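K.L.:
Okay, handing you the structure first.
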Amino acid sequence: MPTASLHDRLPALRKWIETIVETHRPAARPVASLGFPRLGHYFSADFLNLTLLVEVEHVAKPPLSALGLHQFADFEQVNSAAITYLDLCLVDRNRVADEALLFHELVHAVQWQVLGTERFILAYALGHISGRGYEGNPFEVIARQLESRFVHQASTFRVEPIVKQHLDQVAPTLLSAADALLRRP
């Protein structure tokens with residue numbers, strides 16, 4: 001069963017993520033320091049001061065296939081300009097000025113913050129393998145929807161409550177399944 005494999009690999013995956021974050025943290029800077037004029041209308045000042053960005057040559061993705069999680073091989077193949085782990089956004093240095101891209105990643109940072117590390121990893125992964133893949137993953141769908149609103153609508157909105165509502169109402173099955181996996185012996 002793919003989720004059992006995921007549960008078994010969770011400690012190794014968590015360690016990989018924590019290592020990446022700690023490796024890049026010294027070069028990171030608060031998102032608030034980047035001077036994007038619009039982000040403060042969508043995210044709290046505290047959140048923008050605590051969430052970090054680091055410019056990278058290569059956006060590091062977990063070695064999922066090497067960990068035996070072959071059901072995520074397509075995720076490894078997605079050409080990402082950015083990825084978020086915990087409170088750290090790794091952004092391709094050629095795209096660091098892209099405010100919409102950073103907005104999208106900040107949605108993921110809210111998801112990490114609300115769910116915590118293990119629940120985020122499991123729920124995100126379950127959203128991926130539930131037949132939806134990367135494009136249909138509910139975590140990516142909401143990030144793209146909110147990014148589109150950010151780009152195309154003049155009116156502002158607060159992201160954190162919308163993401164929390166999405167996690168509570170749209171993804172309860174994933175969160176329930178993630179919690180069940182965390183309770184496994």
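The values are calculated or read from the model by the stated rules, or taken from the named source; none is laboratory data. Note that the structure is a prediction, hence the values are computed from the model and not measured. Every residue, glycine among them, receives a Cβ derived from its backbone with ideal geometry; neighbour counts consider all protein chains shown. Ligands, DNA and RNA are stripped out before the accessible areas are found, and what is left, the full protein with its side chains, is counted by its heavy atoms. Shrake-Rupley method; radii C 1.70, N 1.55, O 1.52, S 1.80 Å.
K.L.:
Testing the spin-label approximation: label points 7 Å from Cα along Cα→Cβ at residue 135 and residue 14. State their distance in nm.
P.N.:
It works out to 3.4 nm between the two label points.
K.L.:
What's the FRET efficiency of residue 152 with residue 66 using the Cβ-Cβ distance as r and R₀ = 45 Å, to the nearest 0.05?
P.N.:
Calculated transfer efficiency: 0.70.
K.L.:
Amide H to amide H, which residues 5 or more places from residue 56 or on other chains are under 5 Å from it, using H placed in the peptide plane?
P.N.:
91, 92, 93
K.L.:
Can you work out the FRET efficiency for the pair residue 173 and residue 50, with r the C-beta to C-beta distance and R0 = 30 Å, to the nearest 0.05? Display every interim value, and only then the final one.
P.N.:
On the way: r = 30 Å, r/R0 = 1.00.
So, using R0 = 30 Å, E works out to roughly 0.50.
K.L.:
Hey, can you rank 76-85, 33-42, 151-160 by average C-beta count inside 10 Å, highest first?
P.N.:
Details: 76-85: 16.4, 33-42: 13.4, 151-160: 11.2.
For the peptides 76-85, 33-42, 151-160, the packing ranking is 76-85, 33-42, 151-160.
K.L.:
Then there is this: With every protein chain left in place, what is the accessible area per residue of the chain in square angstrom, probe 1.4 Å?
P.N.:
Here the residues of the chain average 48 Å² of exposed surface.
K.L.:
Using θ = phi - 60° and the Karplus relation 6.51 cos²θ - 1.76 cosθ + 1.60, list the HN-Hα couplings for segment 137-152 in order, rounded to whole Hz, with x at every Gly or Pro.
P.N.:
4, x, 5, 7, 4, 5, 4, 5, 4, 5, 4, 5, 4, 4, 6, 9
K.L.:
If I model the chain as equal point scatterers sitting on the Cα atoms and use the Debye formula, what is log10 I(q)/I(0) at q = 0.12, 0.14, 0.15 Å⁻¹?
P.N.:
The calculated log intensity ratios at q = 0.12, 0.14, 0.15 Å⁻¹ are -0.55, -0.76, -0.88.
K.L.:
While we're looking at this one, here's another question. Eigenvalues of the Cα gyration tensor times 5, then square-rooted: what semi-axes does that give for segment 95-168, in whole angstrom, largest first? Don't skip to the answer; put the middle values down first.
P.N.:
Values: eigenvalues 89, 38, 29 Å².
Its equivalent ellipsoid spans semi-axes of 21, 14, 12 Å.
K.L.:
For the chain, set up a Gaussian network in which alpha carbons nearer than 10 Å are linked by springs, and say which option among 61, 164, 15 fluctuates the most.
P.N.:
15
K.L.:
Name the long-range amide H neighbours of residue 80: under 5 Å, sequence gap of 5 or more, or other chain; modelled H, no Pro or chain starts.
P.N.:
Those lying under 5 Å, H to H, from residue 80: there are none.
K.L.:
So, one more: Taking every DSSP beta bridge with both residues inside the chain, roughly what % is antiparallel (nearest 5)?
P.N.:
Working: 6 of 11 bridges.
Percent antiparallel among DSSP bridges in the chain is about 55.
K.L.:
FRET efficiency for residue 34 and residue 73, Cβ-Cβ distance as r, R0 = 45 Å, nearest 0.05?
P.N.:
Values: r = 33 Å, r/R0 = 0.74.
It comes to 0.85.
K.L.:
For a quick check: with amide H placed at 1.01 Å from N, whose amide H comes under 5 Å from residue 88's, ignoring anything fewer than 5 positions away on the same chain?
P.N.:
Residues meeting the amide H criterion: 52.
K.L.:
Residue by residue, what Karplus-based ³J(HN,Hα) values in Hz, rounded to whole numbers, does segment 153-164 have, using 6.51, -1.76 and 1.60 with θ = phi - 60° and x for Gly and Pro?
P.N.:
10, 6, 6, 8, 8, 8, 6, 3, x, 5, 5, 4
K.L.:
Each residue of segment 62-76 in turn: what ³J(HN,Hα) in whole Hz from Karplus with 6.51, -1.76, 1.60 and θ = phi - 60°, glycine and Pro shown as x?
P.N.:
x, x, 4, 5, 5, 7, x, 9, 5, 5, 10, 4, 5, 5, 5
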